[in-house]
Every structure is written in structure tokens, then in C-alpha cells.
Amino acid sequence: MSEDLETAISRCKAGRADAFERIVREFERPLRAWLAALAPPGADVDEMAQRSFVAAYNRLADYEAGSNFPAWLFTIARYQLRTEANRLKRIADYHSRYAPDLLLRELERRETKPPEAISERLRLLETCLARLGENLRQFVAWRYEEEISLEEMAKRTGRSVAAVKKQLWKLRQKLHDCILERMKQPNGETL
């Protein structure tokens, strides 16, 4: 370890918090790279690195001068990595156990809706579709009546697949908002 680093650590221990910047600058990139190489999908590497540096700063009094500081810091990071992996595992476990049940409940709830409510929403959807411009109705027809692929829609419109996806998302959102707005009004009329 360089003398500069040992000096920065000593100054930090003496109460000079600004000296920790030197430590962060030296180890930030290698620590983040190491965490990124070992982190599970979905882990926030920047957050783990930040927590590692904060933990190291808070425990700096435990560091013995002259020992291997990088190994000490990376050990702290390893515990942060393990904590994050366990957190993600708990979340995945929760979703795998409860998501099917939640989905089943939602499907049952939808099945219990009276047919009149579904018919009313379909009527409102037709009204909202009629208010769209011809080019937007064409997107709906291609996707939901003809069931053509996004790639084919992109070819037909001269757009990218991403642009077509975005257009369809905006269209669905617009129709959803239109239906909700009309449901609030008497007889499905807008203000």
C-alpha cells in the first residue's frame, strides 16, 4: 500500500473526514468492477459500492495500520454483496410464492364482474376507438384484429420496432384513459 494511502487513513482516523476522498478515489473503480463481476442480476452495483465505502468509513477505527487495506475494504464489500444477494433472493422467493396466488385472485375477481359491466366497458372502448384518427385505428387493427407482429408493423410504417412498441403503449394508455374518463360521466359522455 502506498504511503499516501496510509497517510490518508491516519488522517481520517484523526478526524479529517475529507481525507477519505483519497481512499474513495483510489478504490472506487476497482471495487465497482469487482462488485459488477460478482453481483446477481438486478443488483445495484453503485449502491453496494456506496454502502461499502460508508461502512468502511464508519469502521475505520477497526483497521490496523500497515495491514492490507484493499483486502479489508473488499471484505466489507463482500458482506454488502452477500446482503444484497440475500435481499434479491427473498424478493424472488416472495414473488414466486405469492404471484400465482395474486394472479388467481385477480382472475377470479374479474370473472365475478357482472356481464353488464364488461359489456359497458366494451361499448366505451368502441366509442373511444371511433374517436381515434384512422392511422391510430390502423395500428389497433393490425395488432389485435390481424395479429401481425411488431416487426411487420415496423416494416409497414417505416419505423423501428421500438417506435412501434412505444406507439402501441401510448395508444393503449390513451384508450384506457378515455374509458375511465367516460365511466365517470353519466351515459359515458365526456364533459
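Counting Lys and Arg as +1 and Asp and Glu as -1, each charge on the Cβ, what is the dipole of segment 3-91 about the Cα centre in debye, to the nearest 20?
That gives a dipole near 400 debye.
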So, in Å, what gap is there between the alpha-carbon centers of segment 135-189 and segment 1-39? 52 Å
Unit charges on C-beta of K, R, D, E only; dipole of the chain, Debye: 300 debye
Can you divide the C-alpha Rg of the chain by 2.2 N^0.38 Å and report the result to two decimal places? 1.76
Among 31, 157, 41, the residue whose Cα sits farthest towards the positive end of the charge dipole of the chain, when +1 is placed on the Cβ of each Lys and Arg and -1 on the Cβ of each Asp and Glu, is 157
Dipole of the chain, positive end: most advanced residue of 20, 61, 133 [Cβ charges, Cα centre]: 133
No Cys partner within the rule (Cβ under 4.7 Å), the chain: 12
Taking the chain as the reference, fit the longest principal axis to its C-alpha atoms, fit the long axis of helix 161-184 to the helix C-alpha atoms, and give the angle between the two in degrees, 0 to 90, nearest 10. 60 degrees
Go ahead and estimate [θ] at 222 nm for the chain from helices alone: -39,500 (n - 2.57) per DSSP H run with n ≥ 4, summed, over the residue count, rounded to 500. -25000 deg cm²/dmol
Lysine pairs within the chain, Cα separation less than 23 Å, 8 or more sequence positions apart or different chains: 8
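Any read-out appearing in this document is the output of simple, stated calculations on the displayed coordinates, not a laboratory observation. Just so it is clear, the model here is predicted, and its values are computed rather than measured. Cβ sites come from the backbone with ideal geometry, for glycine too, and all protein chains shown count toward neighbours.
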